[in-house]
Amino acid sequence: MAGPIDKTMQVLGSTANARALEVLIAALDIDRTDIQQSAVNALIKRKSSRGQLEIIRRLPRLHEAVRESLESQIDRISGSLRQALLHGDAELRAHGLELVRATENFDLLPALLEMLKDNRAEITDHAAETMRDLTDRLYEHSHGGKGSRRPGRYLRNVAQITHKVLSGFDRALSEYSELSHQQDVVEAVMILGEPDNFAVKKALVQSGGECRQMTGVVLMTGKHSGVMQLVLDYMSKNYPPPKVFEVLTSRDDPEFIAHFLKWFPKRLTPQQQRNFQQVESVAWIDADRPSFESLSPALQPALVEFVSASGLPTDVKLGVQEWVVRHGTREGRLAAANMLGTMDETVVQEIVTNGLDSKDEEIQAWATGQLRSQGVPEALTLLVDRLDSPLPAVRDAAREELQGFDVSTMLEMFENISPEICLRAGQLIRKIDPDCFDKLRLELESPIRGRKIRAARATHLLGMQNELQSSLLPLLDDNDPLIRRTGISALTSVRTPETIEALADLLEDENPRVREEASRALSSLQTAK
């Protein structure tokens, strides 16, 4: 229920008596929240321009709750607020600009642009500052999802508001020569606009020479995300303006490089592919000695992808890829690894080998994962060694590389590696290939002489002779003396009654070399007791 003060103020707000306006204005100066609040509500209700201007004039003296109430009703005094900006004294302008910022009143951006035509710096400087602030806030609304990042603020219809604001900027560009703070105006258009927007087209292509020149300056130097993103958005269009390619090839400031690489797509559209192939030089890539020490490690994969997609000379591309492979992070090296085939094989193997000794665990892991694919000598030996690495990432990389490692693989390569590595490989195969014994058994029983001999030798070197004794013993009865001798070698360390009996029988073999091998094997078994 309204109290006496509220009822009095409601009457004063409704009456046509001119003296009521003076009473309400005087009430604004009373240091009581309830009286100020009732006076503000009544003055807004009267729709009196003078009364509303007096509210704006007293803005700093209003209690916080009264001010919050006023801001929530800002649309009801927009006409008076515009009047304060364009025709008010210094105090009204200052308080009006403060209200515009506090309420994010984008509808009054055209009024700010109108203020930029004034020849008084104290007016244009404050108007430009407010315009920049509102531009940044509208950009945040547009790129931060629904609503505002600011507590209590929620902006609906962001796209429609942005379109309306850009219409105001478009009209202002038609009067470009009359504006102060021209760079701020052009930058606002570049921040809020998209390549197909009418205001952007006017600034970049259709306006007079001074405006186009300023647009070029903004695109070449602007650090705002919206400006830099506009340049990149053009790369998704057919036939970007020449100025866009000039910016891409000339800008070398860290802000632009970081924004560009963070944005660079993992998969380019056909238009993007065609456009980036036209980029034949980049200021921040030294064609003779590419170096990216200052580049964030997280951006190295995008660097590799951009260089690959660009029209840079082949030797420059190779230089960048080699730098990343030599000095980059694991992620960067993985991205560059897809292109290692274009580099000299000796250089690649040297880089991979050096990476194994890196102090960085991730780089060691990357190098471990490249051993086999890059044909590094003794790759298997190096991989097996790294199964015992104290670094988890390196062990994981070695296991992953050895997942396809089975008996079939080992049969192809066991003769080229040391006996020590063969034994370790045999232990590994037991874990990786559960069918390893069955596979070797089939090879030992093969009717083909060469396969049988190779399988027997592999069984011995892999240390699997105990498990495969039953398949090795028949070799001692084979008609081929070489197979019998190979069987003896494989069973030399298998000290079982069956083996000893079979070897003893061979002491009477018709082939002298078989008898010698059998005798040595028995002596070895006797010594091992």
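Derivation of every value follows stated rules applied to the coordinates shown; laboratory data play no part. Since we're looking at a predicted model, the values are computed, not measured. All Cβ positions, glycine included, derive from the backbone under ideal geometry; neighbour counts span all protein chains shown.
Of 248, 329, 271, which is farthest along the charge dipole of region 235-343 in the positive direction, counting Lys and Arg as +1 and Asp and Glu as -1 at C-beta?
So the residue furthest toward the plus end is 271.
Given the pairs 117/202; 223/317; 266/317, which are separated by over 25 angstrom at their Cα positions?
223/317
Any chance you could get the radius of gyration and Dmax over the Cα atoms of region 1-146, in Å?
16.5, 52
Express in nm, to one decimal, how much length is gained between residue 183 and residue 32 on full extension, taking 0.36 nm for each residue of separation and deducting their alpha carbon distance. Display every interim value, and only then the final one.
Working: separation 151, 0.36 × 151 = 54.36 nm, distance 4.54 nm.
Full-extension gain reported as 49.8 nm.
For region 1-100, calculate the relative contact order in percent as a whole number, restricting contacts to Cα pairs under 8 Å that are 6 or more residues apart.
On the way: 96 pairs, mean separation 23.1, N = 100.
Normalised by residue count, the contact order of region 1-100 is 23 percent.
If you take the C-alpha gyration tensor of region 147-273, multiply each eigenvalue by 5 and take the square root, what semi-axes do you get, largest first, in whole Å? Each step should come with its number before you reach the end.
Details: eigenvalues 106, 86, 42 Å².
So the equivalent ellipsoid measures 23, 21, 14 Å along its semi-axes.
If you keep only loop residues by DSSP, which trypsin sites (Lys or Arg not before Pro) in region 423-508 have at most 15 other Cβ atoms within 10 Å of their Cβ?
Within region 423-508, the qualifying trypsin sites (Lys or Arg not before Pro) (loop, at most 15 other Cβ atoms within 10 Å) are 495.
Which of the lysines could be linked to residue 431 by a straight reach, that is with a Cα gap under 18 Å, when you skip same-chain ones fewer than 8 residues away?
Residue 431 reaches 439.
Expressed as a whole number of Å, what is the distance separating the alpha-carbon centroids of region 222-237 and region 263-309?
Result: 16 Å between the Cα centres.
Count neighbours as other Cβ atoms within 10 Å of each site's Cβ, and list the trypsin sites (Lys or Arg not before Pro) in region 1-75 that are DSSP loop with at most 14 such neighbours.
Values: sites: 7, 19, 32, 45, 46, 47, 50, 57, 58, 61, 67; in loops: 32, 47, 58.
For trypsin sites (Lys or Arg not before Pro) across region 1-75 that sit outside H, G, I, E and B with at most 14 neighbouring Cβ atoms in 10 Å, the list reads 32, 47.
Near residue 45, which lysines are there with a Cα under 25 Å away, not counting those fewer than 8 places off in the same chain?
The reachable lysines, counting only those whose Cα sits under 25 Å from residue 45, are 7.
Length gain on complete extension for the stretch residue 431 to residue 412, per 0.36 nm per residue less the alpha carbon to alpha carbon distance?
Numbers: separation 19, 0.36 × 19 = 6.84 nm, distance 1.91 nm.
Taking 0.36 nm per residue and subtracting the Cα distance, the gain is 4.9 nm.
In nm, to one decimal, how far is the modelled label at residue 354 from the one at residue 327, with both set 7 Å along Cα→Cβ?
1.1
Based only on Cα atoms, what Rg/Rh ratio does region 405-511 have, Rh being taken as Kirkwood's radius? Intermediate values should be presented prior to the final figure.
Details: Rg = 13.4 Å, Rh = 13.9 Å.
Rg divided by Rh gives 0.96.
Counting only C-alpha contacts under 8 Å and six or more residues apart, can you give the relative contact order of region 104-234 as a whole percent? List each step's numbers first, then the result.
Values: 146 pairs, mean separation 29.1, N = 131.
In percent, rounded to a whole number, it is 22.
Over the Cα atoms of region 235-343, what Rg and Dmax result, in angstrom?
13.1, 37
Among (1) 249; (2) 270; (3) 236, which is the computed volume of the Cα convex hull per residue in Å³?
(1)
Just to verify a number: FRET efficiency for residue 17 and residue 102, C-beta to C-beta distance, R0 = 41 Å, to 0.05? Intermediate results must be reported in sequence, preceding the final value.
Details: r = 33 Å, r/R0 = 0.80.
E between residue 17 and residue 102, to the nearest 0.05, is 0.80.
Using Cα positions and a limit of under 13 Å, work out the aspartates and glutamates in reach of residue 237, with same-chain residues fewer than 8 apart set aside.
Those aspartates and glutamates meeting the cut-off are 194, 196.
Roughly how far apart, in whole Å, are the Cα centres of region 487-529 and region 355-396?
Answer, in whole Å: 41.
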